[in-house]
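The values are calculated or read from the model by the stated rules, or taken from the named source; none is laboratory data. Source: prediction; values computed, not measured. Because the Cβ atoms are built from the backbone with ideal geometry, glycine has one as well, and the counts that use them run over all protein chains shown. The area values use the complete protein model at the heavy-atom level, side chains included, leaving out ligands, DNA and RNA. Shrake-Rupley method; radii C 1.70, N 1.55, O 1.52, S 1.80 Å.
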Amino acid sequence: MTYSFTRRAVLGGASLAIATLGSAPLFAATRIQRLVSPGGIEAWFVQDATVPLIAMEYAFAGGATQDPTDKPGVGHMVASLLDEGAGDLDFETFHERLDRRAIKLSFTSRHDQFRGSLRMLKDNKDEAFDLLRMALTSPHFDAPDVERIRAAVLANLRRDSTNPSTLANRKFLEVAFDDHPYARQAGGTVESVPKIDVADLKDYVRRVIAKDTLKIAVVGDVDPETLARLLDKTFGSLPAKAELTQVADVIAVKAPQCVFIPLDVPQTVVTFGGAGVRRSEPDFMAAYVVNQILGGGGLSSRLFREVREKRGLAYSVHETLLWMDHSAVFVGNTGTRADRASETVEEVEKQVRRMAEEGPTEQELDNAKSYLKGSQMLALDTSSNLARALLQYQLDKLPIDYIEKHSALVDAVTLEDARKAAQRLWGQGLLTVMVGRSPLAATRSTTTPSPTTPPPAAAQPGDAPSAATPATPN
């Protein structure tokens, strides 16, 4: 494959630099371009006229790690308020313009990034980008809007205080990361959110939303010159440099250990995990493949087969690798009847230990490779999905041609690589968090079974870092 980073198109006396990658194998006629606007705004871009839509994903470094130590949730509040009135538009007018043009605008504060998403019809691109510009550069943070959003955030936090899945995931992070910023609740707490004031919100925007950490991915029906103009207009007036608090690297989890949180619910939720492999490490792809075999493959994974199919202990059980800028973990979730929780945990530990000691079989390795290569293709089937993936590849510092290299990287994992990765991931045992009834209470409750007790369901990773990260390796 030949790349050209010097090809230029002249726009009104300024230059637009574009580096082009040839057709990707999974997206018809896809050409991934590295576009640099006249104002120096860079984006990975796919011009696709299949449908008259444009999808943009972007991120600024920082996220929840930039919340004040005593006020977790500031970034989350900012994300909830940026579109609650901006520029010369109040809350109602701003949203009326979004709704009238079917523009989808959203923000989120993750552990390492403050991220945004923009979707629009091709004909509404100018208005969509202008609304985003106002939200980023001149948000109002008017007192009535702040209090309305604060009330909604607190209501969600109070509801989550009785959600066993949320409690398990939060406790996992607290134990795994101790006093590191990753241990904080990205959405805040019922104690911290009332203390957040407008000055905190404005200071966060000033420090975090800046051009030097900005990463952008755009997919859709727009030409490079028009996109360059829109990017300059939208992001060009942002501060040149962010003022971020440094975050230390950390090795997660003190395993093996088990934490129990009593909660009177019909089903006990279990979150388990340990130290993972960072995306930049050479062992990552082997770890990703072998994790697919243990807990990431749905109906075909070892955990699903042994825990659910053979023993009927849980409705679902799964595990995933989560990688952040400064650490990595693997995290699994399951839910089971309270009186069988200990048995479920013992079986999970047994399968984890077995994989660490023996590794996978050749057949399991071949099946996992086949699945991961196929799922990569299916995961990039829409403009929005492709934009999200291209943004994540940038955040993970992967090359622009990663899509083409992915299958070969998966195929290159040997059985010995997989066995070494399994030993590294699971050889130290598990940090396990259980939320539910005590074993004694659970035993008593089974003597009078309730017909309304729901079947066990898999716990979802609520506050786990980058839990929204797609299953395909980034």
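Observations, loosely collected:
- Extended-chain gain in nm, criterion 0.36 nm per residue less alpha-carbon gap, Arg305 and Glu346: 13.3 nm
- Probe 1.4 Å, all protein chains present, accessible-area order of Glu84, Glu147, largest first: Glu147, Glu84
- If you look at the Cα atoms of segment 48-235, you get an Rg and a Dmax of 17.5, 51 Å.
- About the Cα centre, charge dipole magnitude for segment 257-459 (Lys/Arg +1, Asp/Glu -1 at Cβ), debye: 480
- Remark: segment 257-459 is approximated by an ellipsoid whose semi-axes, taken from the C-alpha gyration tensor as √(5λ), come to 34, 18, 16 Å, largest first.
- Calculated FRET efficiency for the pair Glu42/Asp126, C-beta based, R₀ 30 Å, to 0.05: 0.90
- Listed peptides 257-264, 231-238, 318-325 by packing density, highest first (mean Cβ within 10 Å): 318-325, 231-238, 257-264
- Accessible surface, the chain, averaged per residue in Å² (probe 1.4 Å): 42
- Mean Kyte hydropathy of -1.0 or more with a Cα span along the axis of at least 24 Å, helices from DSSP in the chain: 143-160, 362-379
- Three-way shape call for segment 327-444 based on the alpha-carbon gyration tensor, with the a/c threshold at 1.5: prolate
- Met134 accessible area, assembled protein chains, probe 1.4 Å, Å²: 10
- Spin-label pair Arg207-Ser138: with each label point 7 Å from Cα along the Cα-Cβ axis, the two points sit 2.6 nm from one another.
- At the residue level, Thr189 shows approximately 30 square angstrom of accessible surface with a 1.4 angstrom probe and all protein chains present.
- Lysine pairs in segment 48-235 with Cα atoms under 28 Å, if 8 or more residues apart or on separate chains: 24
- Calculated [222 nm] ellipticity per residue, helices only, for the chain: -11500 deg cm²/dmol; basis is -39500 (n - 2.57) per DSSP H run with n ≥ 4, divided by all residues, nearest 500.
- Extension gain (nm, one decimal) between Cys258 and Ala412, 0.36 nm per residue minus Cα-Cα: 51.8 nm
- Accessible area of segment 257-459 belonging to carbon and sulfur atoms, whole % at 1.4 Å probe: 52
- Beta bridges per DSSP with both ends in segment 257-459, % antiparallel, nearest 5: 80
- Gap separating the Cα centres of segment 129-182 and segment 230-249, nearest whole Å: 21
- Amide H partners (placed H, <5 Å) of Leu430, local residues excluded: Gln257
- Think of each Lys and Arg Cβ as +1 and each Asp and Glu Cβ as -1; about the Cα centre, that makes the dipole of the chain roughly 500 debye.
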